[in-house]
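Only one structure is covered here, and it is reproduced in the block below.
The values are calculated or read from the model by the stated rules, or taken from the named source; none is laboratory data. A quick note: this is a predicted structure, and the numbers were derived from the prediction, not measured. Cβ atoms come from the backbone with ideal geometry, glycine included; neighbour counts cover every protein chain shown.
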Amino acid sequence: MKPSVAVAFDGIVKAFGPVQVLHGVSFALAPGQVYGLLGENGAGKSTLMKILTGYEQATGGTVRINGEVRHFVNSRAAEQLGIVLIHQEFNLAEDLNIAQNIFLGHEKKKGLWLDDKAMEREAAAALAEVGLTIDPRTKVRRLIVAEKQLVEIAKALARHARLLIMDEPTATLTPGETERLFKLIARLRADGVTIVYISHKLDEVERITDEVIVMRDGRFVARAPTQELTRHQMANLMVGREIADLYPPRDPVAAESAPALRVRRFNVPGWAQDASFEVRPAEILGFAGLVGAGRTELFEGLMGLRPGSGEVELHGQPVQLRNPRDAAHQGLTYLSEDRKGKGLHVDFGLRENLTLMALERYAQPWLKPEDERAALAAAVKEYGIRTGSLDVKASSLSGGNQQKLALAKVLHPKPRVVVLDEPTRGVDVGAKRDIYFLIQRMAREGLAVIVVSSELMELIGLAHRVAVMRAGRIVTTLDADHLTEEELIAHATGTAPVAASA
């Protein structure tokens, strides 16, 4: 077993060209402690951790490991000391199987040949530790998002980490999977492993960490024992101001208004069966359920992204939606839960991303970049997208600002019904509040809004009604008056009394 790891950052500076993102950051991490590293998107948390793990090189300052100055030229050099980073964005090879991914770059050999059996055996043991029961020979591309997250955690365990950095590890996990992860963290801590837990879920930080460290605008600003801070104080330290009224007031919906979208007996083979629901103009309809319940797949089928069949009406008219472009022309748009994989083209510029779904508006008869640029300038102002320049790639934005750009993109065609799948995943508390108020503004302007979310408090704070899915079926729809975490979990897990179901 590798020895415990203590870390000290001393005046760490990092610049990307003329842009300085870390400004003399200094603090230390003791062995065998769980640290909550907090800060808004763009605060510098991930950049600092990438410097520690060899993915980035510091422009200035030093990193000491167990008192000795260390400079890791790559992540493998850090991993040899047991320092492992679990990325927020998955770092998996889709066409390799799980075992191959877990041992990629650290393959086991028997003579001149790869020892596949040994790697599969050890991979299965690591998967069991994180509670994922699946054949390690399964190709990663066949996994759902939550399973990929658990594979990333299993990969870190297989590297025998002594300092483990988890960046938003529960963003895609069910409550049960999250509980298993917390038990694993407690076991690792007892074994002397240092854990840096980066999360915007302050209830989790409050529950599992020993100490909170806060960064803001590339600087270290505060640290304190977790038990001495309330979640409200943590949020205020992150944003540098008082955070109040996280959720906007819920406006009433006219009971007599006709549905903007009505779905009847919709089926997505293998994922959703006999799904029926409707949403009215100015209404926010939530969709809750455990990972694998079929929520995302239902809406992908509805949008023509996967095979699906059933009756669909938009504003009283039957429609056939063959693909997302067809849906957009009918006034229905969808924001994917996979922001970087499906929501944005991160290697494109901001302008190209914004106008992609409404090119007809800017290409009659030729593309008009000046009109696109004017639209981008207006969207940056309207949606509060923080960027130093309009002429950068989407990949240069922080997670929260990427999400705001993705929202601007799906709203740019001026839809009448919008489906938002995990709209605040991986987004800090300040950006979350901005997005919540944006969703409320959509509804106030007459849009019918559907929010698919794994964060139950988010649905309780925003939605007029919440439909709950379990095993591919909508099992109940609850009004705002009956929205509690306990009630939603009971229906999602099938433990609610039969009489309580709608």
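Looking only at the stretch 66-93, which residues are over 27 Å from Val151 (Cβ atoms) and either in contact (Cβ under 8 Å) with a residue 40 or more places away in the chain or assigned to a helix (DSSP H, G or I) (or both)? Before you say what the answer is, go through the steps one by one.
Going through the stretch 66-93, the residues over 27 Å from Val151 (Cβ atoms) turn out to be 66-71.
Matches in the stretch 66-93: Asn66, Gly67.
Residues in the stretch 242-262 that are of a type in the set (Val, Ile, Thr) and under 17 Å from Ala463 (Cβ atoms): Val253 alone. Being part of a strand (DSSP E or B), closer than 17 Å to Met469 by Cβ and not β-branched (Val, Ile, Thr): is that true of Phe266 here? Yes.
Residues in the stretch 151-168 that are more than 24 Å from Val214 (Cα to Cα) and among the charged types (D, E, K, R) were compared, and the one that is surrounded by the fewest Cβ atoms within 10 Å (Cβ to Cβ) is Arg159. Do we have Val410 as outside any helix (DSSP H, G or I), assigned by TED's automatic domain parsing to the domain that holds Ala328 and within 20 Å of Leu314 (Cβ to Cβ) here? No.
Suppose we filter Leu52, Leu38, Leu48 for residues that are under 20 Å from Thr170 (Cα atoms), touching a strand residue (DSSP E or B) at 6+ places or on another chain (Cβ under 8 Å), modelled with pLDDT of 85 or more and in the same structural domain as Met215 (by TED's automatic domain parsing); which single one remains?
Working: Leu52 fails: under 20 Å from Thr170 (Cα atoms); Leu48 fails: under 20 Å from Thr170 (Cα atoms).
The match here is Leu38.
When restricted to residues that are closer than 19 Å to Arg121 by Cα and out of contact with any strand residue (DSSP E or B) (no Cβ under 6 Å at 6 or more places or on another chain), the stretch 154-176 contains 5. For Gly286, the criteria (1) more than 15 Å from Val451 (Cα to Cα); (2) in contact with a strand residue (DSSP E or B) (Cβ under 7 Å, 6 or more places away or on another chain); (3) touching a residue at least 24 places away in the same chain (Cβ under 8 Å) hold in every case but one, which is (1).
So, in the stretch 459-480, of the ones that are charged (D, E, K, R), touching a residue at least 60 places away in the same chain (Cβ under 8 Å) and farther than 15 Å from Ala260 by Cβ, which residue ends up surrounded by the most Cβ atoms within 10 Å (Cβ to Cβ)?
Initially, the stretch 459-480 is screened for residues charged (D, E, K, R), giving 465, 470, 473, 479.
Cutting the leftovers down to touching a residue at least 60 places away in the same chain (Cβ under 8 Å) gives us 465, 470, 473.
Still in the running and farther than 15 Å from Ala260 by Cβ: 470, 473.
On the way: Arg470: 19, Arg473: 15.
Going through the qualifying residues, I end up with Arg470.
Listed here are the strands (runs of 3 or more DSSP E) enclosed by the stretch 169-254 that have at least 1 residues being over 22 Å from the mean Cα position of the chain (by Cα), crowded, with 21+ Cβ neighbours inside 10 Å and of a type in the set (Ser, Thr, Tyr): 194-198.
Evaluate the stretch 274-293: report whether one residue or more is assigned by TED's automatic domain parsing to the domain that holds Gly446, charged (D, E, K, R) and not in a loop (DSSP other than H, G, I, E, B).
Looking through the stretch 274-293, at least one residue is assigned by TED's automatic domain parsing to the domain that holds Gly446, charged (D, E, K, R) and not in a loop (DSSP other than H, G, I, E, B).
Before we move on, is Glu242 acidic (Asp, Glu), within 29 Å of Leu397 (Cα to Cα) and modelled with pLDDT of 90 or more? Can you show your working first?
Numbers: acidic (Asp, Glu): yes; within 29 Å of Leu397 (Cα to Cα): yes; modelled with pLDDT of 90 or more: no.
Criteria not met by Glu242.
All conditions in (1) closer than 30 Å to Phe27 by Cβ; (2) modelled with pLDDT of 90 or more hold for Gln88, with the sole exception of (2).
When the residues of the stretch 1-34 are filtered to those that are of a type in the set (Val, Ile, Thr) and in contact with a strand residue (DSSP E or B) (Cβ under 8 Å, 6 or more places away or on another chain), the one that is modelled with the lowest pLDDT is Val5. Just so you know, in the stretch 120-150 the residues that are under 15 Å from Glu94 (Cα atoms) and charged (D, E, K, R) include one that is surrounded by the most Cβ atoms within 10 Å (Cβ to Cβ), and it is Glu147.
Which of (1) more than 21 Å from the chain's Cα centre (by Cα); (2) surrounded by fewer than 21 Cβ atoms within 10 Å (Cβ to Cβ); (3) in contact (Cβ under 8 Å) with a residue 40 or more places away in the chain does Gly304 not meet, given it meets every other one? Result: Gly304 passes all but (3).
Of the residues making up the stretch 52-78, those that are among the aromatic types (Phe, Trp, Tyr) and over 20 Å from Ala158 (Cα atoms) number 1. Candidates are the residues of the stretch 48-65 that are in a helix (DSSP H, G or I) and touching a residue at least 40 places away in the same chain (Cβ under 8 Å); the one that is nearest to Gly240 (Cα to Cα) is Leu48.
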